[in-house]
Amino acid sequence: MSRISEATAIAHPNIALAKYWGKKPIPGNYPAVPSLSVTLDGMMTRTVVRFDSSLEVDRVVLNGTEAAQSDRAHLRVVELLDRVRALAGDTRRAFVQSANDFPTASGLASSASGFAALALAAVRAIPGLDASLEQVSDLARQSSASAARSLFDGFVELEPERPARSIAPPEHIDLHILVCVVTEEKKSIGSTSGMQTTALLSPYFDSWLSTAPVIFSSMKEALAARDWEALGELSEKSALAMHACAMAGGIVYVRGISLDLFAAVRGLRASGILAYFTADAGPHVKVLVRDGDVARATDVLSKVPGVLRVLDTRPGKGATVIASSP
Ligand code: PMV
């Protein structure tokens, strides 16, 4: 008789306000610089992991389509499962089913929510494997460093070679993040290779390595003091420094529409609405606003030509298990 056990977990993307970019030159996929993120309510990955002793290979279904064994996405899932199997001393293969309710691999942090949900579901699908949330986060980090942060609630810090941790709950500060979706396409350069190229070719990489920790520390202070303007200004500064550094190495994620959105955000500010932008490894732009400004900002941003839609998200909860058996 086959031995089966399974768990279902949900996780949300997170957006780094103080970004990491670049890895430590040591094994373990550690970020080179500290980062501070906010876990988002309003977008979700749901992942089921079923370990089954009758399976001969791992099977992975992503957004309704089974991945070929040779797909990079399949390999990355298997790598994480292998780490969980090694920890548990369990050799069973798994059936994994994962789906996002937002575009995948286009710079909307789908790898963060994806690997956070996968790590949590895989660990909790093995009865008796008593791993802490820090250990689950550590497993997720080895697949995608930003995923380490999605396990936790609200505002989360990730320092190189330390476990990620929540430093403020979701309701700590009045914040909405408006996600301006500009394409459904996958990004052309993944973050891992974008970081490798930046580290090798960008003449600004060393100055990024010394600047990012300073932005991170100032942002932690701004967050603790609930200094909204300083938080917003530092978010823009971090995003622009990261993109400038990557661009100087030949890695361009922003498009014309991203720059139009940056200008629209600064236009909102000139008209008295406190709004600040950030952008990750893709062309989408995320805009920080306060509760009372959501309607006006959404109206302005959704009228920028090329914007497909504007999603209103708020700081939210980390990853959770929603079902498990036995
Ligand atoms: O950890 P990755 O491979 O998902 O890279 C994340 C990179 C950024 O989103 C641009 C920055 C960050 O800190 O999340």
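Report every pair of residues separated by at least 6 positions or lying on different chains whose Cβ atoms are under 9 Å apart, first residue within the stretch 63-84 and small (Gly, Ala, Ser), second in a strand (DSSP E or B).
Hits for this filter: Gly64/Gln97; Gly64/Ala99; Ala67/Arg59; Ala67/Val60; Ala67/Val61; Ala73/Val60; Ala73/Leu62.
Given (1) within 16 Å of the ligand (Cβ to nearest atom); (2) in contact (Cβ under 8 Å) with a residue 60 or more places away in the chain, identify the lone condition not met by Phe51.
(1)
Per-residue answers, yes or no, for (1) more than 9 Å from the ligand (Cβ to nearest atom); (2) under 11 Å from the mean Cα position of the chain (by Cα); (3) closer than 22 Å to Glu79 by Cβ:
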position: Met1; (1), (2), (3): yes, no, no
position: Thr8; (1), (2), (3): yes, no, yes
position: Asn14; (1), (2), (3): no, yes, yes
position: Gly28; (1), (2), (3): yes, no, yes
position: Pro31; (1), (2), (3): no, no, yes
position: Pro34; (1), (2), (3): yes, no, no
position: Ser37; (1), (2), (3): no, yes, no
position: Asp41; (1), (2), (3): yes, no, no
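Out of the stretch 199-211, which residues are outside any loop (DSSP other than H, G, I, E, B) and within 16 Å of the ligand (Cβ to nearest atom)? Steps first, answer last, please.
Step one: filter the stretch 199-211 for residues outside any loop (DSSP other than H, G, I, E, B), giving 199-201, 205-211.
Those that are outside any loop (DSSP other than H, G, I, E, B) and within 16 Å of the ligand (Cβ to nearest atom): Ala199, Phe205, Trp208, Leu209, Thr211.
Condition check: under 17 Å from the mean Cα position of the chain (by Cα), at positive phi and not charged (D, E, K, R). Does Gly128 satisfy that? Break it down into steps so the answer makes sense when it comes.
Working: under 17 Å from the mean Cα position of the chain (by Cα): no; at positive phi: yes; not charged (D, E, K, R): yes.
No: the conditions fail for Gly128.
Considering the stretch 315-324 alone, what residues qualify as being in contact with a Leu (Cβ under 7 Å, 6 or more places away or on another chain) and assigned to a strand (DSSP E or B)?
Here is the first cut: in the stretch 315-324, the residues in contact with a Leu (Cβ under 7 Å, 6 or more places away or on another chain) are 315-316, 318-319, 321.
Of everything in the stretch 315-324, those that are in contact with a Leu (Cβ under 7 Å, 6 or more places away or on another chain) and assigned to a strand (DSSP E or B) turn out to be Pro315, Val321.
Can Leu133 be described as away from the ligand (no atom under 16 Å from the Cβ) and outside the structural domain of Ser111 (by TED's automatic domain parsing)?
Values: away from the ligand (no atom under 16 Å from the Cβ): yes; outside the structural domain of Ser111 (by TED's automatic domain parsing): no.
No.
Are any residues in the stretch 85-125 crowded, with 23+ Cβ neighbours inside 10 Å, away from the ligand (no atom under 16 Å from the Cβ) and either in a loop (DSSP other than H, G, I, E, B) or under 21 Å from the mean Cα position of the chain (by Cα) (or both), and if so, which ones?
Selection gives Val96, Leu120, Ala121, Ala122, Val123, Ala125.
Considering only residues that are touching a Phe, Trp or Tyr at 6+ places or on another chain (Cβ under 9 Å) and of a type outside the set (D, E, K, R), look in the stretch 54-64 and name the one that is nearest to the ligand (Cβ to nearest atom). I'd like the intermediate steps shown before the answer.
Narrowing the stretch 54-64 to residues touching a Phe, Trp or Tyr at 6+ places or on another chain (Cβ under 9 Å): 55, 58-61.
From what's left, of a type outside the set (D, E, K, R): 55, 60-61.
Details: Leu55: 29, Val60: 19, Val61: 22 Å.
Ranking the candidates gives Val60 first.
Go through (1) within 15 Å of the ligand (Cβ to nearest atom); (2) buried (at least 22 other Cβ atoms within 10 Å of the Cβ) for Gln142 and report which single condition fails.
(2)
Hey, among Leu231, Leu209, which residue is surrounded by fewer than 18 Cβ atoms within 10 Å (Cβ to Cβ), outside the structural domain of Ala116 (by TED's automatic domain parsing) and touching a residue at least 40 places away in the same chain (Cβ under 8 Å)?
On the way: Leu231 fails: surrounded by fewer than 18 Cβ atoms within 10 Å (Cβ to Cβ).
After ruling out the rest, the residue left standing is Leu209.
Quick one: in the stretch 176-198, of everything that is surrounded by 19 or more Cβ atoms within 10 Å (Cβ to Cβ) and in a helix (DSSP H, G or I), which residue is farthest from the ligand (Cβ to nearest atom)?
Ranking the qualifying residues of the stretch 176-198, first place goes to Thr198.
Just need a number here: residues in the stretch 38-83 that are among the polar types (S, T, N, Q), under 14 Å from Leu118 (Cβ atoms) and in a strand (DSSP E or B). First the steps, then the outcome.
First pass over the stretch 38-83, keeping only residues among the polar types (S, T, N, Q): 39, 45, 47, 53-54, 63, 65, 69-70.
Those still in the list that are under 14 Å from Leu118 (Cβ atoms) too: 45, 47, 63.
Pick out the ones that are also in a strand (DSSP E or B) and you get 45, 47.
Qualifying residue count, the stretch 38-83: 2.
The values are calculated or read from the model by the stated rules, or taken from the named source; none is laboratory data. As the structure is a computational prediction, the values presented were derived from the model and not from experiment. Reconstructed Cβ throughout: ideal geometry from the backbone, glycine too, with neighbour counts over all protein chains shown.
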